[in-house]
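To start, the structure itself, in structure tokens.
Quick note: the coordinates plus some simple rules give every number you see, no bench work behind them. Fair warning: this is a prediction, and the values are worked out from it, not measured in the lab. Using ideal geometry, Cβ is built from the backbone for each residue, glycine included, and neighbour counts are taken over all protein chains shown.
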Amino acid sequence: MEPILSSFSDNVIVGRQEFKPPVQACFQVTFNNWSRLAGEDGWKDKALPCCEVPCLDFRWKLHVHPESSKGIRNEPPFDLISGDHLSAWLHVSDWPPGVSALEIAASIALHSQTGAAHSKGNLRKINLIKKAEGSSRGWEKFISHEELRNASRGFIVDDAVRFNVCLCLTAKIVSRRTAGVENAVSSIKSSRLSDDFLALMQSGRGSDVVLNAGQGGGSVPAHRTILMARSSVFSAMFEEGKFAEGAAKAVCIKDMDVTTLRALVCFLYTAEFPSEEAEAKPQSLLIAADKYDLQELKQHCELCLERSLEPDCVAEVLVVADSYHCSNLKVRCLDLIKNHTAQVMAAPGWTTWLAGNAPLLNEVVGHIAGFTANGNAEGGGKKRGRDE
């Protein structure tokens with residue numbers, strides 16, 4: 001994230017702040033009561049209500065418009081006339097002080113319970129500028145109403161439509177008046193903090209504890225104060241006089257391999273999520289995040305697992321979701337099993353992962369049969385008694 005000062009004129013200092021590697025994050029937006037949003041004569045409103053979502057130090061809005069046409073404007077106000085497509089637009093609604101533009105790659109995808117794919121962007125690079133006509137980008141014809149309503153595609157679930165938004169920030173432009181030059185330069189320099197901490201971790205300089213992976217060997221040198229500051233579990237572990245680890249120079253993490261351990265420690269140092277190319281398995285990292293009380297990392301892993309769900313691996317992910325209280329991920333697993341039962345049960349891991357877990361297996365069978373946890377059918381009605 002080395003800053004590059006590109007101009008210093010007209011009492012304004014401008015810098016281009018690069019992120020290497022790019023900073024990635026995802027969020028979800030769900031529109032409930034989808035059928036009620038349309039009146040007898042069509043959609044009640046030109047734009048669906050949307051809330052602000054904080055992500056990557058910005059606040060975002062996903063503008064979804066049920067009726068699109070070639071005459072749509074590419075920026076607010078979004079004036080529309082009737083059309084046969086739904087449009088989707090990503091908008092930065094709140095900018096941090098001093099940031100005037102973004103270089104970011106973005107994609108918008110519809111969630112499907114059948115595994116059907118419909119996305120736009122594929123992390124396409126776009127530029128966003130802090131002014132009304134430049135702070136929004138999107139797709140005029142995101143999806144046709146016909147495809148959206150197609151039951152086999154599974155985009156409408158329980159009368160709700162959910163969008164997954166993925167962002168990959170590569171650079172931002174920072175500008176300040178010279179009256180606040182010191183603050184502007186300080187802000188730019190502080191953006192190097194994660195890179196500096198990553199370099200510190202990788203070099204091992206000044207480390208005072210070694211974390212040894214219990215599965216397969218390998219170790220990661222670390223600094224107690226950083227681990228304690230970032231994790232309540234490490235804070236309790238290294239507190240003097242409380243546990244043996246408090247004075248130990250080496251600690252064995254018995255239930256973790258070195259790849260997962262390194263990814264975990266990297267997040268503790270930089271607060272950045274591992275890239276999709278990282279070797280660490282999301283389910284292993286999720287378990288580690290849960291153990292060390294890193295909820296943000298745990299939620300990121302949950303989203304990664306949800307995006308990559310396949311019939312061949314869903315049994316393993318279901319067990320992880322059930323064991324570590326990931327309710328949203330568990331529901332998606334159950335839905336996938338219900339819609340691809342034969343393929344899932346033919347996978348090698350089906351019996352391996354569910355053997356010995358009768359309560360979870362019963363829950364799976366009940367979901368496939370259309371019964372809820374209390375024994376009632378999903379569509380309503382009372383469970384029949386033995387004598388009925």
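Whole-Hz ³J(HN,Hα) for each residue in the stretch 139-153, computed from phi via Karplus 6.51 cos²θ - 1.76 cosθ + 1.60 with θ = phi - 60°, x for glycine and proline: what do you get?
These are the phi-based 3J(HN,Hα) values: 10, 5, 10, 6, 7, 6, 4, 5, 5, 4, 7, 5, 4, 5, 7 Hz.
Which whole-Hz couplings ³J(HN,Hα) result when phi for each residue of the stretch 156-162 is put into the Karplus expression 6.51 cos²θ - 1.76 cosθ + 1.60, θ = phi - 60°, listed in order with x for Gly and Pro?
Result, ordered by residue: 9, 10, 6, 6, 9, 10, 10 Hz.
So, in nm, how far is label ASP94 from label ASN362 when the simple model puts each one 7 Å beyond its Cα toward the Cβ?
Taking the simple label geometry, ASP94 and ASN362 are separated by 4.6 nm.
What dipole magnitude, in Debye to the nearest 20, does the stretch 255-375 give about its Cα centre under +1 on Lys/Arg Cβ and -1 on Asp/Glu Cβ?
About 300 debye.
Please compute the modelled spin-label separation between ARG36 and VAL233, points set 7 Å along Cα→Cβ, answer in nm with one decimal.
4.1 nm
Okay, which of the stretch 195-209 sit inside 18 Å, backbone N to the point 7 Å along the Cα-Cβ direction of ALA247?
208-209
Let a ≥ b ≥ c be the square roots of the eigenvalues of the Cα gyration tensor of the stretch 309-369; is it rounded (a/c under 1.5), or, if not, prolate (a/b larger than b/c) or oblate?
Verdict is rounded for the stretch 309-369.
Under a 5 Å amide H to amide H cut-off, with H placed in plane at 1.01 Å, what residues pair with ARG59 once short-range neighbours are removed?
Here the answer is SER93, ASP94, since their amide H atoms fall under 5 Å of that of ARG59.
Roughly how many nanometres apart are two label points built 7 Å out from the Cα toward the Cβ at LEU198 and CYS50?
3.0 nm
Net charge near ILE287, counting Lys/Arg +1 and Asp/Glu -1 over other residues with Cβ under 14 Å of its Cβ?
So the environment of ILE287 carries a net charge of -3.
Relative contact order for the stretch 193-292 using alpha-carbon pairs under 8 Å, separation at least 6, rounded to a whole percent?
Relative contact order of the stretch 193-292: 31 percent.
Taking the highest mean first, how do the peptides 236-249, 334-347, 139-152 order by number of other beta carbon atoms within 10 angstrom per residue?
Order by mean packing, descending: 334-347, 139-152, 236-249.
Post the alpha-carbon centroid distance, the stretch 136-169 to the stretch 228-269, in whole angstrom.
So the separation of the two Cα centres works out to 42 Å.
Once you charge only the Cβ atoms, +1 for Lys and Arg and -1 for Asp and Glu, what is the size of the charge dipole of the stretch 193-292 about its Cα centre, to the nearest 20 debye?
320 debye
Which of ALA247, SER194, VAL209 sits closest to the plus end of the dipole of the stretch 193-292, meaning its Cα is farthest towards the positive end, when Lys and Arg get +1 and Asp and Glu get -1 on the C-beta?
The residue sitting farthest along the positive end of the dipole is ALA247.
Report the local net charge at VAL317: Lys and Arg +1, Asp and Glu -1, summed over other residues whose C-beta lies under 12 Å from its C-beta.
-2
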